[in-house]
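**Q** Handing you this structure, nothing more for now.
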Amino acid sequence: MTSRKTFAAAVAATVLSVVGTVVTTDPAAAAAPAPSAARTEAPAAGPIVIGHRGASGYRPEHTIAAYELAIEQGADYIEPDLVSTRDGVLVARHENEISGTTDVADRPEFADRRTTKVIDGRPVTGWFTEDFTYKELRTLRAEERLPQVRPDNTAYDGQERIPTFDEVLKLARRAGVGVYPETKHPTYFDSIGLSMEEPLVAVLRKRHWDDADDPVIIQSFETANLRDLDTMVDVPLAQLVDGSGRPYDLVVAGDPRTYSDLVTPAGLAWIATYADGVGVHKDRVLPRTAGATTTPSTVVRDAHAEGLVVHVWTLRRENQFMATNFRRGTDPNAPGDLAAEARAFRDAGVDGIFTDHPDLVVEALAAG
């Protein structure tokens with residue numbers, strides 16, 4: 001259904017309407033770093049900024065508070081990762097196993113739900129969204145996923161519910177920003193009778209966000225569900241590409257191609273038959289040697305030759321998440337030079353940047 005095109009229409013639809021500041025109900029919002037000035041007209045050409053799981057550097061990820069703060073800080077898009085409840089409601093969590101991002105382990109009424117499952121070929125132990133109804137899941141509260149790295153974020157533990165995809169769309173519509181949902185583990189969810197594509201499309205249509213000009217980009221690390229979505233909805237699609245490994249649906253299908261194969265010219269040509277862009281691990285654009293970034297690879301050039309845009313993930317301010325040439329000092333949790341990293345990826349020609357710290361990336365890109 002989707003005509004093959006770049007993200008240009010979707011990006012233009014977003015930036016031309018961005019952004020009135022969202023008023024958050026969080027009384028502690030003033031404790032966050034000062035947001036960038038709201039943009040009321042199209043910015044200069046450059047990479048779009050995607051709030052990775054919201055402003056997850058400052059609030060527990062995938063919460064309304066995190067998304068609101070990302071919007072205040074100038075993000076063009078907010079990113080909800082999507083998983084399913086037992087009754088087929090799509091909710092925003094990075095994984096279907098939720099012991100690291102909610103208080104479920106402290107809830108005695110759900111103690112018997114702890115189990116071990118095989119997810120994408122690997123055993124995982126914990127509590128899983130598909131074992132909860134939406135009503136049950138809403139009784140849980142979000143917690144910081146990286147408390148040792150981001151201890152300040154733990155002040156917000158217990159304050160936020162798990163939002164639905166529908167709620168995220170409504171927030172984005174009110175704020176005038178785009179939404180960049182990711183379907184998590186679609187082959188696994190298919191295997192247990194909870195296909196993700198149909199409810200995702202249904203929510204988009206319910207909110208009238210299913211047109212090619214709407215600021216929605218759907219992404220996945222798998223390929224089959226994107227190929228299915230290409231026949232179901234007319235919004236841009238992005239193929240995620242990890243730094244190593246293989247798409248799980250290709251493993252199941254016996255297809256030997258790896259993520260590395262997908263960013264060759266032949267692989268990118270294939271992606272261009274069903275998607276509009278690639279979201280690549282940042283090391284695929286700026287490879288590292290002895291820990292430091294080196295000359296940009298050909299991925300951006302080769303993707304652009306196929307009419308695909310390139311978005312990179314994920315820029316975070318802490319040293320441990322950076323190449324050594326962007327670090328400051330030896331403390332792995334101390335802030336590095338995120339501004340320099342953002343500008344390096346801009347100079348490498350990327351079209352978008354996922355970041356846990358939208359304010360810092362927006363400021364760095366605006367500074368030139």
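The values are calculated or read from the model by the stated rules, or taken from the named source; none is laboratory data. It should be emphasised that the depicted structure is a prediction, and the values quoted were computed from it without experimental measurement. Neighbour counts are summed over all protein chains in view; Cβ atoms, including those assigned to glycine, are modelled from backbone coordinates with ideal geometry.
**Q** Taking only region 51-74 into account, find how many residues are hydrophobic (A, V, I, L, M, F, W, C) and either in a loop (DSSP other than H, G, I, E, B) or under 21 Å from Ala334 (Cβ atoms) (or both).
**A** 1
**Q** Residue by residue through region 194-230, note down the ones that are of a type in the set (Ser, Thr, Tyr) and outside any loop (DSSP other than H, G, I, E, B).
**A** Ser220
**Q** Filter region 288-323 for residues that are of a type in the set (Val, Ile, Thr) and closer than 22 Å to Pro265 by Cα and give the result.
**A** The answer is Thr294, Thr295, Thr298, Val299, Val300, Val309, Val310, Val312.
**Q** Right, next: Taking Ser191 and the conditions (1) farther than 24 Å from Tyr58 by Cβ; (2) in contact with a Ser or Thr (Cβ under 9 Å, 6 or more places away or on another chain); (3) among the polar types (S, T, N, Q), which numbered condition does it fall short on, given that it satisfies the others?
**A** Result: Ser191 passes all but (2).
**Q** From Ala339, Ala334, which residue is under 27 Å from His304 (Cβ atoms), at pLDDT 95 or above, among the aliphatic types (A, V, I, L, M) and out of contact with any His (no Cβ under 6 Å at 6 or more places or on another chain)?
**A** Matching residue, one of Ala339, Ala334: Ala339.
**Q** Another question, if that's okay. If I ask for residues that are charged (D, E, K, R) and over 24 Å from Asp131 (Cα atoms), which ones from region 178-219 would you list?
**A** Arg205, Lys206, Arg207, Asp210, Asp211, Asp213, Asp214
**Q** Can you name the residue in region 59-82 that is farther than 22 Å from Glu197 by Cα and of a type in the set (Val, Ile, Thr) and is also surrounded by the most Cβ atoms within 10 Å (Cβ to Cβ) among such residues?
**A** Ile71
**Q** Pick out the one residue from Thr125, Thr133, Thr164, Thr102 that is closer than 30 Å to Gly254 by Cα and among the polar types (S, T, N, Q).
**A** So the residue among Thr125, Thr133, Thr164, Thr102 that is closer than 30 Å to Gly254 by Cα and among the polar types (S, T, N, Q) is Thr125.
**Q** Being closer than 30 Å to Tyr188 by Cβ, touching a residue at least 12 places away in the same chain (Cβ under 8 Å) and either surrounded by fewer than 19 Cβ atoms within 10 Å (Cβ to Cβ) or among the β-branched types (Val, Ile, Thr) (or both), is that true of even one residue in region 324-339?
**A** So far as region 324-339 goes, no, none of its residues is closer than 30 Å to Tyr188 by Cβ, touching a residue at least 12 places away in the same chain (Cβ under 8 Å) and either surrounded by fewer than 19 Cβ atoms within 10 Å (Cβ to Cβ) or among the β-branched types (Val, Ile, Thr) (or both).
**Q** Can you pull out the residues in region 141-170 that are outside any loop (DSSP other than H, G, I, E, B) and surrounded by fewer than 19 Cβ atoms within 10 Å (Cβ to Cβ)?
**A** Matches in region 141-170: Pro151, Asp152, Thr154, Ala155, Asp166, Glu167, Lys170.
**Q** List the strands (runs of 3 or more DSSP E) inside region 83-140, counting only whole elements, that have at least 1 residues being free of Cβ contacts under 8 Å to residues at least 40 places away in the same chain and surrounded by fewer than 17 Cβ atoms within 10 Å (Cβ to Cβ).
**A** 115-119, 122-126
**Q** Further question on the same structure: When the residues of region 215-273 are narrowed to those that are of a type in the set (Lys, Arg) and within 22 Å of the chain's Cα centre (by Cα), which ends up farthest from Ala305 (Cα to Cα)?
**A** The selected residue is Arg246.
Conditions tested, residue by residue: (1) of a type in the set (A, V, I, L, M); (2) touching a Cys at 6+ places or on another chain (Cβ under 9 Å); (3) farther than 19 Å from His52 by Cβ.
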| position | (1), (2), (3) |
| --- | --- |
| Phe221 | no, no, no |
| Asp230 | no, no, yes |
| Leu237 | yes, no, no |
| Asp242 | no, no, no |
| Thr264 | no, no, yes |
| Ile271 | yes, no, yes |
| Val280 | yes, no, no |
| Pro296 | no, no, yes |
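**Q** How about region 141-156: which of its residues are touching a Lys or Arg at 6+ places or on another chain (Cβ under 8 Å) and within 13 Å of Val104 (Cβ to Cβ)?
**A** Arg141, Ala142
**Q** Please identify the pairs in which a residue from region 187-203 that is within 24 Å of Gly121 (Cβ to Cβ) has its Cβ atom under 9 Å from the Cβ atom of a residue that is in a loop (DSSP other than H, G, I, E, B) and of a type in the set (Val, Ile, Thr), counting only partners at least 6 apart or on another chain.
**A** Leu194/Thr85; Glu197/Val233; Leu200/Val233
**Q** Could you give me the residue pairs with C-beta distances under 7 Å whose first residue belongs to region 272-287 and is without any contact (Cβ under 8 Å) to a residue 12 or more places away in the chain, whose second residue is part of a loop (DSSP other than H, G, I, E, B) wherever it lies, and which are 6+ apart or on separate chains?
**A** Between residues of region 272-287 that are without any contact (Cβ under 8 Å) to a residue 12 or more places away in the chain and residues that are part of a loop (DSSP other than H, G, I, E, B), the close pairs are Pro287/Thr294; Pro287/Ser297.
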